[in-house]
Amino acid sequence: MLGKLSCMINRWLILAAPILLSMVGSADEPIKEENVKRAKAPFHVLFSNDTTNTLTCVSPYHKKGEPFREKTLKATVDETAGIGIEVHMLQPAHGWVPWWQSKVYSVEEHHRWWREHYGVTPDMSVHNYLLNGGDVLNVFVKRCRERGLAPFISLRLNDAHHLNHANTPKNTRGVHAICRFYAEHPEYRLDPKAGSRAVQNWAIPAVRDYKLALISEICQNYDIDGFELDFMRHPQFFDLDETTSEQRIQIMTGFVGQVRDLLNRTAHPGQHRWLCARLPAYLSEYDALGINLPTFIDAGVDMLNLSIFYFTEQQTDLAAIRKLVTDAAIYLEMTHATSTGTRLTKSGGDNYLFRRTTEEQFFTAAHLAFARGADGVSAFNFVYYREHGTPGRGPFNEPPFHIFKHIGDAHWLARQPQHYFLSSRGYVNRQLPKQFERGNTLPFTIDMAPPADSWKKDGRLRIQSRDSLGNSLWRARFNGVDLNPTGDVSEPYPNPYPPMLGESEELRAWIVPVGLLRDGINSIEITLVEGRLSEIVFLDVAVE
């Protein structure tokens, strides 16, 4: 019986696909280029809301364990209004199961399939809200309009959360993440057994068509000002052994062009709906993902949101990207954390320590971004300063929403104290962590931009080890000059976020004479003169 039902629904999907996609055509059709030069997006501060924080984070409007409520969603919009944020982007869950009233794949159909496929009745408060006629996107868009925010929807194109549970009998995990289309097509997966590579293969047209059908429905039915294509959740789309660079670019550029055409044809008269792409902040990642900036811009992308997955990072390829792109607006994404640390449990998510981003680090990152050609900044996972996940990860804090008052103001930022850093983090491992053996000298670089009236005071360079440095002896050079050590290894600015800051025995510091500081790339050499093997996980330079 279940097999017959599955066949009937699959047949319906095949027959319905041309209707659902009639307004956008095939992703393989040629791109229609616009001859009129587009205006640059006027926004300076973007804010991304993953929606699931309404269930997972303890906040002034959500007690621990409370179910989803419409007023909670409204509150996530309200707290971003009138503080400098211009665009509020909502991510409706993981991009597989619609959190809106969908005809492509309704929550009713999803729950019927889940019961038949897994033999378990789903129970999720957001889905119960939808089953009772609620509409997450409609409430979100209306609230943004009421509060003077531009409503964008951000769709995750290949999110891997919970997909490893797709084949689990009696599964209760990922009700909001595992859809029928994914579960019934293991042949569409890059690698069914390998974590994030369990995502779908975008070389297969049906994979692209499913996402395009969802996007089509959103653009048709909701009064949004823009749409973000999220290539970063998660950044795997192709088998590199089975596709060429040219093929990947053609596929992704074609998809972008179809979304652009869709936005144009569903806009109100005289309205331009902005198309944003959340992309890696490093050019080296683009080829594997099928990203080519010139063709993306030609296909209709207006805004580039440069991301480091879910970390704040100051050292990016923004300047090089700016040289490649003149018309599109560029934003540097920042988050609540600069790095993650020790896992507190053997399994599960949100079970690790994380080092929070301070306001000086936010302001310094934004200042450097503007100095290298950015048009603005964006915030991702910002509310996760709040309590969430495995116990023992605190202390937690309310998010520093006050930073948005100034973070889009390049002139104000250029007059603030600076705190540059390199951190040990995931996704693309760059300069840290690094292991030192006795006698090792390892190089680092930091791009720095002077304040409005140039630097006035000496700075301080610090390194932090994963473990105690004991009596080891270290030497530091800055732009080719030996630095004098200092016993002051304290935080350079007041820091309300103690996790992962390091104990005094894990830190070393040196004075950086103001005359050594350069606008641009500054070179640092660290030498372990005497001592045992040590791993450096954090490096910073504070200067005014």
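The values are calculated or read from the model by the stated rules, or taken from the named source; none is laboratory data. Just so it is clear, the structure is predicted and the values come from calculations on it, not from any experiment. No Cβ is skipped: glycine too gets one built from the backbone with ideal geometry, and neighbour counts run over all protein chains shown. Quick note on the areas: whole protein, heavy atoms, side chains included, nothing else; ligands and nucleic acids left out. Shrake-Rupley method; radii C 1.70, N 1.55, O 1.52, S 1.80 Å.
It is to be established whether one or more residues within region 508-522 are outside any strand (DSSP E or B), modelled with pLDDT of 95 or more and under 21 Å from residue 473 (Cβ atoms). Steps first, answer last, please.
Step one: filter region 508-522 for residues outside any strand (DSSP E or B), giving 513-519.
Those left that are additionally modelled with pLDDT of 95 or more: 513-519.
Right, trim to under 21 Å from residue 473 (Cβ atoms) and you get none.
There is no residue in region 508-522 that is outside any strand (DSSP E or B), modelled with pLDDT of 95 or more and under 21 Å from residue 473 (Cβ atoms).
Of the residues making up region 523-542, just one is assigned to a loop (DSSP other than H, G, I, E, B) and open to solvent by less than 70 Å² (accessible area, probe 1.4 Å), namely 531. Applying the set (1) over 18 Å from the mean Cα position of the chain (by Cα); (2) among the charged types (D, E, K, R); (3) open to solvent by less than 40 Å² (accessible area, probe 1.4 Å) to residue 343 leaves exactly one unmet item: (3).
Could we say that residue 281 is of a type in the set (A, V, I, L, M), at pLDDT 95 or above and out of contact with any Lys or Arg (no Cβ under 9 Å at 6 or more places or on another chain) here? Reasoning before the result, please.
Working: of a type in the set (A, V, I, L, M): yes; at pLDDT 95 or above: yes; out of contact with any Lys or Arg (no Cβ under 9 Å at 6 or more places or on another chain): yes.
The answer is yes for residue 281.
Taking the conditions exactly as written (of a type outside the set (Phe, Trp, Tyr), farther than 26 Å from residue 458 by Cβ and open to solvent by 10 Å² or more (accessible area, probe 1.4 Å)), does residue 328 satisfy them or not?
Values: of a type outside the set (Phe, Trp, Tyr): yes; farther than 26 Å from residue 458 by Cβ: yes; open to solvent by 10 Å² or more (accessible area, probe 1.4 Å): no.
Considered against the rule, which asks whether it is of a type outside the set (Phe, Trp, Tyr), farther than 26 Å from residue 458 by Cβ and open to solvent by 10 Å² or more (accessible area, probe 1.4 Å), residue 328 comes out as no.
Using the structure shown, decide if residue 48 is among the polar types (S, T, N, Q), open to solvent by less than 60 Å² (accessible area, probe 1.4 Å) and closer than 30 Å to residue 326 by Cβ. For residue 48, the condition - among the polar types (S, T, N, Q), open to solvent by less than 60 Å² (accessible area, probe 1.4 Å) and closer than 30 Å to residue 326 by Cβ - is met.
Mind checking whether some residue in region 216-226 is more than 28 Å from residue 148 (Cα to Cα), β-branched (Val, Ile, Thr) and part of a loop (DSSP other than H, G, I, E, B)? If you could, list the steps in order and put the result at the bottom.
Filtering region 216-226 for residues more than 28 Å from residue 148 (Cα to Cα) gives none.
No, there is no match, as no residue in region 216-226 is more than 28 Å from residue 148 (Cα to Cα), β-branched (Val, Ile, Thr) and part of a loop (DSSP other than H, G, I, E, B).
The requirement of being open to solvent by less than 20 Å² (accessible area, probe 1.4 Å), at negative phi and assigned to a helix (DSSP H, G or I) is satisfied by residue 260. Taking region 271-318 as the range and being within 22 Å of residue 431 (Cβ to Cβ), open to solvent by less than 40 Å² (accessible area, probe 1.4 Å) and in contact with a Gly (Cβ under 9 Å, 6 or more places away or on another chain) as the test, the residues that pass are 309, 311, 318.
Pick from region 316-370 the residues that are at pLDDT 95 or above and of a type in the set (Phe, Trp, Tyr): which of them is nearest to residue 389 (Cα to Cα)? For region 316-370, the residue satisfying everything is 362.
For the condition aromatic (Phe, Trp, Tyr), in a loop (DSSP other than H, G, I, E, B) and at pLDDT 95 or above, what is the one hit in 100, 114? Even if it seems obvious, please write down each step before you answer.
Details: 114 fails: in a loop (DSSP other than H, G, I, E, B).
Among 100, 114, only 100 is aromatic (Phe, Trp, Tyr), in a loop (DSSP other than H, G, I, E, B) and at pLDDT 95 or above.
Of the helices (runs of 4 or more DSSP H) that lie entirely inside region 120-208, those containing 2 or more residues that are open to solvent by 50 Å² or more (accessible area, probe 1.4 Å) and modelled with pLDDT of 95 or more span 125-131, 136-146. Among residues of region 63-87 that are of a type in the set (Phe, Trp, Tyr), those with a Cβ under 6 angstrom from a residue that is at pLDDT 95 or above and surrounded by fewer than 17 Cβ atoms within 10 Å (Cβ to Cβ), sequence gap 6+ or separate chain, pair up as 68/125. Give me the residue from region 501-522 that is of a type outside the set (A, V, I, L, M, F, W, C) and touching a Lys or Arg at 6+ places or on another chain (Cβ under 8 Å) and, out of that set, nearest to residue 441 (Cα to Cα). That would be 508.
Cβ-Cβ distances below 6 Å connect the following pairs, each with a first residue in region 236-254 that is in a helix (DSSP H, G or I), a second residue that is among the small types (Gly, Ala, Ser) and open to solvent by less than 40 Å² (accessible area, probe 1.4 Å), and a separation of six or more residues or different chains: 248/290; 249/290; 251/290; 252/290; 253/299; 254/27.
Which one is farthest from residue 367 (Cα to Cα) among residues in region 508-522 that are of a type outside the set (D, E, K, R), out of contact with any Asp or Glu (no Cβ under 6 Å at 6 or more places or on another chain) and surrounded by fewer than 16 Cβ atoms within 10 Å (Cβ to Cβ)? So the residue we want is 515. Screening 373, 389 for residues that are open to solvent by 10 Å² or more (accessible area, probe 1.4 Å), at pLDDT below 95 and assigned to a loop (DSSP other than H, G, I, E, B) leaves exactly one candidate, 389.
Considering region 104-119, and only residues there that are of a type outside the set (Phe, Trp, Tyr) and touching a residue at least 24 places away in the same chain (Cβ under 8 Å), the residue that is most open to solvent (accessible area, probe 1.4 Å) turns out to be 117.
Here residue 94 does not fit the description of being part of a helix (DSSP H, G or I) and either open to solvent by less than 40 Å² (accessible area, probe 1.4 Å) or within 23 Å of residue 382 (Cα to Cα) (or both).
Scanning region 55-85 for residues being buried (at least 21 other Cβ atoms within 10 Å of the Cβ), in contact with a strand residue (DSSP E or B) (Cβ under 6 Å, 6 or more places away or on another chain) and over 16 Å from residue 145 (Cα atoms) gives a total of 0. What number of residues within region 72-122 satisfy the criterion of being in contact with a Pro (Cβ under 9 Å, 6 or more places away or on another chain) and basic (Lys, Arg)? Final tally of qualifying residues: 1.
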